[in-house]
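The values are calculated or read from the model by the stated rules, or taken from the named source; none is laboratory data. Note that this is a predicted model, so its numbers are computed, not measured. Positions of Cβ are backbone-derived with ideal geometry, glycine not excepted, and every protein chain shown enters the neighbour counts.
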Amino acid sequence: MVYDFETSYRAMSSRDVRFDGRFVVAVTSTSVYCRPSCPSRTPRRENVRFFRLAAAAEAAGFRACRRCRPDVDPGSPEWNVRGDLVARALRLIAGGAVDQDGVTGLARRLVVSERHLHRQLVAEVGAGPQMLAINRRARVARLLVESSALPLAEVAFAAGYSSVRQFNEGMRAAFGCSPSELRRGKPAGPAEGAGHLVLRLRYRTPLPSDPLLNWLGTRALPGVEVADGSRYQRTMRLPRGAGCVTVEFDQVPEAARQGVATVRLSLTDPRDVTAAVQRCREIFDLDADPAAITDELGADPQIGPLVRARPGLRVPGCADGFELAVRAVLGQQVSLAAARTFGGRLVARFGEAIQTPDHRLTHLFPTPRALAEADLEAIGLTRRRATTLRALAQAVDAGRMMLDRGVDREECTATLLAIPGIGPWTAGYVAMRALGDPDVLLTNDLGLREAARHLGMASGTRGLAAHSQRWRPWRSYAAMYLWAILPTRDRATASEPGQR
Ligand SMILES: [Zn+2]
């Protein structure tokens, strides 16, 4: 949503943190831009300009305030709700798409001309793709400068700069000081080698981490993932190499948490840091806006009490959309335990063995190419399920389908549904977790229907669909609240068939 000047000015004057990430405040008299909640003195109306993105303020010649740090994540949640061209472009740029394939590659991916893409982005957010990518690079570099002990020359390389000089100039332009000045005064972290980093990721509180860790833990794929206590670890296939990540939440009560998760990255190519960080953010839904979700869902007579009692539940994303889709198919009509068993066999037989810092993490998930012609019946799958998986792998391998947050959600869902053995439940589940759609309702999910019945709501497919209209655009989050009231038990759930 776009706020008018008066609304923005009032939001800023109240220093309400809920507006952070929705826009930034630039002050012409100081050439500095701030979060709406910045504790600095409220600037006079005539000196204020509002921008929707930090990158746009920087493009207009403003520098990030050193006090309120408007340049750090989490970003605006609005872009994750929307599925249009601008939102898709922003998500891809956040994942490092421009550093990887250039603006040309980004435009090709979105099936538009570079000129059209540029025009659309400038019109809506005030900065073109190149400027947004430069801004992204500066933010990643600053994260590395301030929260890792990586030598500065290696920070430049890892963040995607082609030279140390370009790095120094980029940082000076964005923040008004050199990388070494930014690092000065920061406590020296533990010794880290190249490609082995410890970073702090910000999110909006509250975030109850136990439900997320439990969710990931009960589904953890042997050889690829481990979730124990307050930690989650997994291997990742990244654009330039392999990675192993560990995400950890402070073990203090939710209310006392600072809104920071610690992530440890071990990468074969340090330039994968942007992609790895973005995937960690997606797995834990760190860009969500719990205040907005609680405002909407908390008002519902049926699920409102659940939401108000435990605000901040997240929708778990994934590290890789293809992996998630394969696992959704493997889980059809079987229990969680059986799905893990099949998944473990699939990984051991068709995955790629790698070295990691943890002996329990032994493989990368199989590539689409490795599964496209694989003898999947050999791991105990029925012929029908094996055929579905091969068709899925072939579609992704041939480039007919991509499964990430940069796709057109409707088009991707239609392509998925055209594969025999993939029905609305599986396609919806993939949209929810791999495409990042916050507004999916899995009407034929048995768990959701059972929970709805328990709350005295209409639990038939049609009744649930009708009631859920008032949960828009947060129906994926409503599902998390509904599932959370069911006793944890190991069973097959959905009628489609499929399971969570
Ligand atoms: Zn400020």
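May I ask you to say which residue of Phe365, Phe350, Phe322 is touching a Pro at 6+ places or on another chain (Cβ under 7 Å) and crowded, with 22+ Cβ neighbours inside 10 Å?
Values: Phe365 fails: touching a Pro at 6+ places or on another chain (Cβ under 7 Å); Phe350 fails: crowded, with 22+ Cβ neighbours inside 10 Å.
Exactly one of Phe365, Phe350, Phe322 is touching a Pro at 6+ places or on another chain (Cβ under 7 Å) and crowded, with 22+ Cβ neighbours inside 10 Å, namely Phe322.
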Selected residue (criterion: farthest from the ligand (Cβ to nearest atom)) from residues of the range 23-46 that are of a type in the set (D, E, K, R), in a loop (DSSP other than H, G, I, E, B) and over 16 Å from Glu58 (Cα atoms): Arg44
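Quick check on this structure: which one of Val155, Val226, Val198 is at pLDDT 90 or above, touching a strand residue (DSSP E or B) at 6+ places or on another chain (Cβ under 7 Å) and β-branched (Val, Ile, Thr)? Break it down into steps so the answer makes sense when it comes.
Values: Val155 fails: touching a strand residue (DSSP E or B) at 6+ places or on another chain (Cβ under 7 Å); Val198 fails: at pLDDT 90 or above.
Answer to the selection: Val226.
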Failed condition for Arg41, given (1) in contact (Cβ under 8 Å) with a residue 40 or more places away in the chain; (2) of a type in the set (Lys, Arg); (3) outside the structural domain of Phe175 (by TED's automatic domain parsing): (1)
Conditions (1) under 21 Å from Arg82 (Cβ atoms); (2) surrounded by fewer than 22 Cβ atoms within 10 Å (Cβ to Cβ): number failed by Gly344: (1)
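Here's the yes/no breakdown for (1) surrounded by fewer than 22 Cβ atoms within 10 Å (Cβ to Cβ); (2) without any contact (Cβ under 8 Å) to a residue 60 or more places away in the chain; (3) under 21 Å from the mean Cα position of the chain (by Cα); (4) in a loop (DSSP other than H, G, I, E, B):
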| residue | (1), (2), (3), (4) |
| --- | --- |
| Val122 | yes, yes, no, no |
| Ala127 | no, no, no, yes |
| Leu132 | no, no, yes, no |
| Ala138 | no, no, yes, no |
| Leu144 | no, no, yes, no |
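Filtering the range 26-54 down to residues that are basic (Lys, Arg) and farther than 16 Å from Pro77 by Cβ, which residue is surrounded by the fewest Cβ atoms within 10 Å (Cβ to Cβ)?
First, the residues of the range 26-54 that are basic (Lys, Arg): 35, 41, 44-45, 49, 52.
From what is left, the residues that are farther than 16 Å from Pro77 by Cβ are 41, 44-45, 49.
Values: Arg41: 7, Arg44: 10, Arg45: 9, Arg49: 17.
It comes out as Arg41.
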Number of the condition not met by Gly406 [criteria: (1) free of Cβ contacts under 8 Å to residues at least 60 places away in the same chain; (2) surrounded by 15 or more Cβ atoms within 10 Å (Cβ to Cβ); (3) not in a helix (DSSP H, G or I)]: (1)
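Going by the conditions given, is Ser8 among the hydroxyl-bearing types (Ser, Thr, Tyr), modelled with pLDDT under 90, more than 20 Å from the chain's Cα centre (by Cα) and surrounded by 17 or more Cβ atoms within 10 Å (Cβ to Cβ)?
Details: among the hydroxyl-bearing types (Ser, Thr, Tyr): yes; modelled with pLDDT under 90: yes; more than 20 Å from the chain's Cα centre (by Cα): yes; surrounded by 17 or more Cβ atoms within 10 Å (Cβ to Cβ): yes.
Spelling it out, Ser8 is indeed among the hydroxyl-bearing types (Ser, Thr, Tyr), modelled with pLDDT under 90, more than 20 Å from the chain's Cα centre (by Cα) and surrounded by 17 or more Cβ atoms within 10 Å (Cβ to Cβ).
In this structure, is Phe23 touching a helix residue (DSSP H, G or I) at 6+ places or on another chain (Cβ under 9 Å) and either crowded, with 20+ Cβ neighbours inside 10 Å or under 19 Å from Asp289 (Cβ atoms) (or both)?
On the way: touching a helix residue (DSSP H, G or I) at 6+ places or on another chain (Cβ under 9 Å): yes; either crowded, with 20+ Cβ neighbours inside 10 Å or under 19 Å from Asp289 (Cβ atoms) (or both): yes.
Answer is yes for this residue.
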Residue ID - nearest to Phe175 (Cα to Cα), chosen from residues in the range 55-89 that are in contact with a Leu (Cβ under 7 Å, 6 or more places away or on another chain) and either within 16 Å of the ligand (Cβ to nearest atom) or of a type in the set (A, V, I, L, M, F, W, C) (or both): Ala55
Residues satisfying the stated conditions in the range 280-338, i.e. in a helix (DSSP H, G or I), within 17 Å of Asp437 (Cα to Cα) and touching a Leu at 6+ places or on another chain (Cβ under 6 Å): Gly321, Phe322, Ala325
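Hey, any hits in the range 93-108 for a residue that's within 15 Å of the ligand (Cβ to nearest atom), at pLDDT 90 or above, part of a helix (DSSP H, G or I) and among the polar types (S, T, N, Q)? Explain how you work it out, then say what you get.
Here is the first cut: in the range 93-108, the ones within 15 Å of the ligand (Cβ to nearest atom) are none.
No, that holds for no residue.
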